[in-house]
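Right, one structure below, let's go through it.
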Amino acid sequence: MSEPSEICLLHIGKTGGSYVRSVLRHNRDKWSQPLQLLRHSATLQNTLESFGDDRRLAFTFRNPSDRFVSAFYSRQRQGRPTYQFNWSAEEATAYLWFETAEDLALALGSADERKKSAAIFAFDAIEHLKSNLATYLHSVDALKMSKGAIVACVDLPDLDAKLPAFMDRIGVNEFTLPSNPKRHASPTPLPKLSAEAEAALRVHWAEEYQIYDTCRSIAAGLDLSG
């Protein structure tokens, strides 16, 4: 009998990956299949190159609006309190321009070309904004072509309820939660975007929302309801 193919757990930034990885590491002795807990640099395409065309995929994903807000404030805090990653020079410049996620999103639709240019610069500067869903999953077409390789994917708000089924799909049939699982989350509640700001974000990030909708469709087909 041939060895089972690798299951590659993608780590899409700001989608609960730190939590899932901490649970898996806590239960390493219960893995029944070969798992690869991959870094942020791993994508749909380069896992194919690294692990072969029979590799399988698992990942969490998140609504782009919520992910945008989370990413903006996470990097504004330089990753604290969970991590500590100093700003790049480009990030420092971006945060001189924009103090809130609302300001940044609104600037995307500004008639002031200076503000709009600064907003586009910020999206290319701030980590987790420049590394977006398209960075990891490439495109709607690429995601659909890889649908058969996806053994588990779940939208972040559903993660707690669907964690047992998610773990079962990747070969961890019985697991316990660590006493203090890693959650790379804001220490305080984050503000919601206004309707105007979200509309501007949807125009700028149209492909992100299309990829997100495709992820939701694939997740529904996998039925991780337990």
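Pro157 fulfils the conditions (1) open to solvent by less than 20 Å² (accessible area, probe 1.4 Å); (2) farther than 17 Å from Cys8 by Cβ; (3) not basic (Lys, Arg) except for a single criterion, (1).
Search region 90-105 for residues being among the charged types (D, E, K, R) and in a helix (DSSP H, G or I), and hand back the single one that is least open to solvent (accessible area, probe 1.4 Å). For region 90-105, the residue satisfying everything is Glu91. Number of residues in region 46-57 that are on the phi < 0 side of the Ramachandran plot and out of contact with any helix residue (DSSP H, G or I) (no Cβ under 7 Å at 6 or more places or on another chain) equals 8.
Considering only residues in region 106-131 that are charged (D, E, K, R) and more than 21 Å from the chain's Cα centre (by Cα), the one that is most open to solvent (accessible area, probe 1.4 Å) turns out to be Arg114. Condition (residue is in contact (Cβ under 8 Å) with a residue 24 or more places away in the chain, assigned to a loop (DSSP other than H, G, I, E, B) and closer than 30 Å to Ser194 by Cβ) applied to region 41-54: is it met by at least one residue? No, region 41-54 has no match at all. Contact map, region 117-130: residues that are more than 16 Å from Asp103 (Cα to Cα) paired with residues that are at pLDDT 95 or above and aromatic (Phe, Trp, Tyr), Cβ distance under 7 Å, separation 6+ or inter-chain. Pairs shown: Lys130/Phe123. Listed by first and then second residue, the pairs with beta-carbon distance under 9 Å, at least 6 apart or on different chains, first residue in region 1-28 and over 21 Å from Gln45 (Cβ atoms), second among the basic types (Lys, Arg) and at pLDDT 95 or above, are Pro4/Arg56; Gly16/Arg62. Among the criteria (1) modelled with pLDDT of 95 or more; (2) out of contact with any strand residue (DSSP E or B) (no Cβ under 9 Å at 6 or more places or on another chain); (3) under 22 Å from Leu133 (Cα atoms), the one Ala89 does not fulfil is (3).
Only one entry of Ile170, Ile211 meets the criterion of being surrounded by 13 or more Cβ atoms within 10 Å (Cβ to Cβ), under 17 Å from the mean Cα position of the chain (by Cα) and over 15 Å from Val69 (Cα atoms), and that entry is Ile211.
On the basis of being in contact (Cβ under 8 Å) with a residue 60 or more places away in the chain and acidic (Asp, Glu), does Asp66 make the cut?
yes
Answer yes if at least one residue in region 120-138 is polar (S, T, N, Q) and farther than 18 Å from His204 by Cβ, and no otherwise. Within region 120-138 (the criterion being polar (S, T, N, Q) and farther than 18 Å from His204 by Cβ), the answer is no, since none of the residues qualifies. State whether one or more residues within region 188-195 are closer than 22 Å to Arg77 by Cβ, β-branched (Val, Ile, Thr), more than 16 Å from the chain's Cα centre (by Cα) and open to solvent by 60 Å² or more (accessible area, probe 1.4 Å). Yes, there is a match, as at least one residue in region 188-195 is closer than 22 Å to Arg77 by Cβ, β-branched (Val, Ile, Thr), more than 16 Å from the chain's Cα centre (by Cα) and open to solvent by 60 Å² or more (accessible area, probe 1.4 Å). Annotation: of all residues in region 55-66 being basic (Lys, Arg) and part of a loop (DSSP other than H, G, I, E, B), the one that is farthest from Lys147 (Cα to Cα) is Arg62.
Which residues, taken from region 25-40, are outside any loop (DSSP other than H, G, I, E, B) and more than 15 Å from Leu57 (Cβ to Cβ)?
Of region 25-40, the ones outside any loop (DSSP other than H, G, I, E, B) are 25-26, 28-30, 35-37.
Selection gives Arg25, His26, Arg28, Asp29, Lys30.
The values are calculated or read from the model by the stated rules, or taken from the named source; none is laboratory data. Bear in mind that the values here come from a model prediction, so they are computed numbers and not experimental data. Ideal geometry is used to build each Cβ from the backbone, glycine not excepted, and the neighbour counts take in all protein chains shown. For the accessible areas, the whole protein counts, side chains as well, though only heavy atoms, and no ligand, DNA or RNA atoms are used. Shrake-Rupley method; radii C 1.70, N 1.55, O 1.52, S 1.80 Å.
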